[in-house]
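Please treat every number below as a calculation from the coordinates, not as lab data. On a predicted model such as this, the values are computed, not experimentally measured, just so you know. So basically every Cβ, Gly included, is an ideal-geometry build from the backbone, and we count neighbours across all protein chains shown.
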Amino acid sequence: MKKNWLYFPVVAAFFMVSGCDQHNQSAGDSALVLEGRTMGTFWRISLAGVDESRKESLQKAAQQLLDSDDRELSTWKDDSVISRFNQYRGSEPQPISDNMADIVTMSLRIGQKTAGKMDITVGPLVNLWGFGPAKQPLATPSQAQIDAARALTGLQHLRVIQRSEGAYLQKDLPGLYVDLSTMGEGFATDHLARLMEKEGINNYLVSVGGAVLTRGKNAEDKPWKVAIQKPTDKENAVQAVVDLQGHGISTSGSYRNYYELDGKRISHIIDPTTGRPIQHKLVSATVIATTALEADGWDTGLMVLGEEQAKALALRENLAVYLIEKQGDGFSSWMSPQFKAFILPQQE
Ligand code: FAD
């Protein structure tokens, strides 16, 4: 399998943070940059107006927070909270944190709005196709294998219960396997933003994998800029540049995280209805939303839906969406009216 996620931020995440983040640093500005690894990818924080003397303690606090999210949400760790839920074969409600309740609730909401195409119970299929902790298959999975994995999925089998003493997660299918990979980076990005707020920092750009959130201004007292990369697996060329205005952004794409099997390109985005990797012309979906968590959920759902249904849903739900489609040897793009409000002229 191509381990493309290793090359964030300039390859895997489809975003290049620009302006004060990378470009201005080389111009010698005073942005403070913290970075590290988490969740099989990279995290990065750029801060304006924060003294260098705080770097070490902020770096440590950010890494600790992300490590704790990883211990809760990772299906790559057998002893994480979500893995223990997946291993549990009963149907009694299991206590979960408010964070986990928020993620699952948002996932169920977007799942319902996308007619089940964004489905966090798709884990058995993700693993069957080799995009989870399980190894990449040596041959295309058989229809019987796909059917068996599909039988273990379905959002209707999962629910969040809110009680006065706390939140609980319940399943009514013993083999249900919840995979939060599509939501984890967005959640962690929002979590980093909350940490910055708690630290009294108001000018920041935070990112985990392909999710980004900004607030305030960069070190040049200008809006943070986030670039959406062109959909190729080699170039780092810019497709569009946005000013997030305090929002979160996330991109899901089918052209960077894939492998070739039996002469076919196998994408990591799985259509829960067919049980197979998506095949259509939509190569990336970028969403801007109030939180990075929400953006991270919608982008995957739109990717599964494909170009026509994704456009219709974006318009129906008033979502800020930027889609890139394959057109012959090149690409074409489409954006919803809500997305246009965030676009910056590229020469800026
Ligand atoms: P997104 O488009 O945001 O999500 C796609 C992913 O969601 C797929 O890879 C699949 O897992 C899942 N998915 C596929 N189809 C659907 C669907 N229809 N509905 C819902 N979900 C779907 N990777 C490692 O290699 N090693 C690690 O140790 C590791 N640890 C992780 C820990 C955590 C807590 C999380 C959240 C992820 C971890 N990952 C790890 C995964 C990795 O970092 C990325 O999250 C993953 O590769 C996909 O992220 P993306 O932004 O590229 O894709």
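Summary table
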item	result
Segment 73-181: relative contact order in percent, alpha carbon pairs under 8 Å with at least 6 residues between	38
Amide H contacts under 5 Å for Gly154, placed H, 5+ residues apart	Thr121
Footprinting exposure proxy for Tyr258, Tyr204, Tyr168 (fewest neighbouring C-beta atoms within 10 Å first)	Tyr168, Tyr258, Tyr204
Mean Cα-pair separation over length for the chain, i.e. relative contact order, pairs under 8 Å, 6 or more apart, %	19
Segment Thr105-Val33, extension gain: residue separation times 0.36 nm, minus the distance between their alpha carbons	22.7 nm
DSSP-loop trypsin sites (Lys or Arg not before Pro) across segment 86-153, with at most 14 other Cβ within 10 angstrom	Arg89, Lys135
Pairs of Lys in segment 73-181 closer than 22 Å at Cα, counting only those 8 or more apart or on different chains	4
Cross-link table Lys225/Lys340; Lys217/Lys326; Lys55/Lys217; Lys230/Lys264; Lys217/Lys311, entries beyond 24 Å C-alpha to C-alpha	Lys217/Lys326; Lys217/Lys311
Top positive-direction residue, dipole computed over the chain with Cβ charges, set Leu66, Leu313, Phe85	Leu313
Rounded Å value of the spacing that divides the Cα centres of segment 158-224 and segment 279-301	15
Hz values of 3J(HN,Hα) by residue in segment 160-166 - Karplus curve (6.51, -1.76, 1.60), Gly and Pro given as x	9, 10, 9, 10, 4, 7, x
Contact order relative to length of segment 148-232, as percent, for alpha carbon pairs under 8 angstrom and 6 or more apart	16
Size of the chain as Cα extents on the principal axes (Å, biggest first)	58, 54, 38
Segments 242-251, 136-145, 43-52, 312-321 sorted - mean Cβ within 10 Å per residue, highest first	242-251, 43-52, 312-321, 136-145
Förster-model FRET efficiency, 25 Å R0, Lys55 and Lys77, C-beta, rounded to 0.05	0.30
Equivalent-ellipsoid semi-axes of segment 73-181, from the Cα gyration tensor, Å, largest first	24, 15, 12
